Each structure stands twice: as structure tokens, then as C-alpha cells.
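Single-structure report; data block below.
Every number in this text was worked out from the coordinates using simple rules, so none of it is lab data. Everything numeric in this text was worked out from a predicted model, so none of it was measured. Glycine gets a Cβ as well: all are built from the backbone with ideal geometry, and neighbour counts include every protein chain shown.
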Amino acid sequence: MSKLTITGVAIALMLSACSKEVKKPLSKDEIQRQIDSIAQARMRELERDAQKELEHRIKIEVKIKADSILQEKLRSATPTQADSAIIRPQ
């Protein structure tokens, strides 16, 4: 029972200590500065995430594009079946 009493008194003291702190209301300029600060931090975070995503996607996209170009070059370098089906006089 005494542990419960000590805990209750400790909680009451902590709550009373917190309630003594008086904050003055923020002015519009202070509020705007806080908003701008938070927005700038979030924008930097989004830009870092976007850059990471771009680097990841470039690796994938460039490989696909390079393979496609290589296949097209190989296809144009070899004769097609249509060309071999044409009868040419000798």
C-alpha cells in the first residue's frame, strides 16, 4: 500500500510541476516561422527520397532501354524471313 501511495504522490508532483509552466501565445510571425521551418525540413526529406527513387529507377529503366536498342540493332542487322522468301533471278 505504501508503494502505491508513494507512486501517487510522485505522479501528483510531476503533474503539478508540468502545469506551472506558462507559455505565452505565439505571434503570427512566430507561427509562420515554425510552419516554414517544418515545411522546409519536409521538402528536403521529400527531395532526398525522390533522388533515391530516381537513382533506383534509372538503373532499371536504362537497362531496359539499352536492351531494347540492342535488340533493334540486332534485328535490323540480320535478314528477315520475308527477305529470304523472295525469289531472285540468277
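Below 17 Å, Cα to Cα, which lysines can LYS65 reach? Residues fewer than 8 away in the same chain don't count.
LYS73
HN-Hα J couplings of the stretch 31-37 from phi, Karplus 6.51/-1.76/1.60, θ = phi - 60°, integer Hz, Gly and Pro as x?
4, 5, 5, 5, 4, 4, 4
Starting from 0 in steps of 5 Å, tell me what percent of the Cα-Cα pairs of the stretch 28-77 lands in each bin.
Reading upward from the zero bin: 4, 18, 11, 11, 10, 9, 8, 7, 6, 6, 4, 3, 2, 1.
In the neighborhood of LYS59, defined by Cβ-to-Cβ distances under 15 Å, what is the net charge if each Lys or Arg adds +1 and each Asp or Glu adds -1?
On the way: positive: LYS52, ARG57, LYS63, LYS65; negative: GLU53, GLU55, GLU61, ASP67.
Net charge around LYS59: 0.
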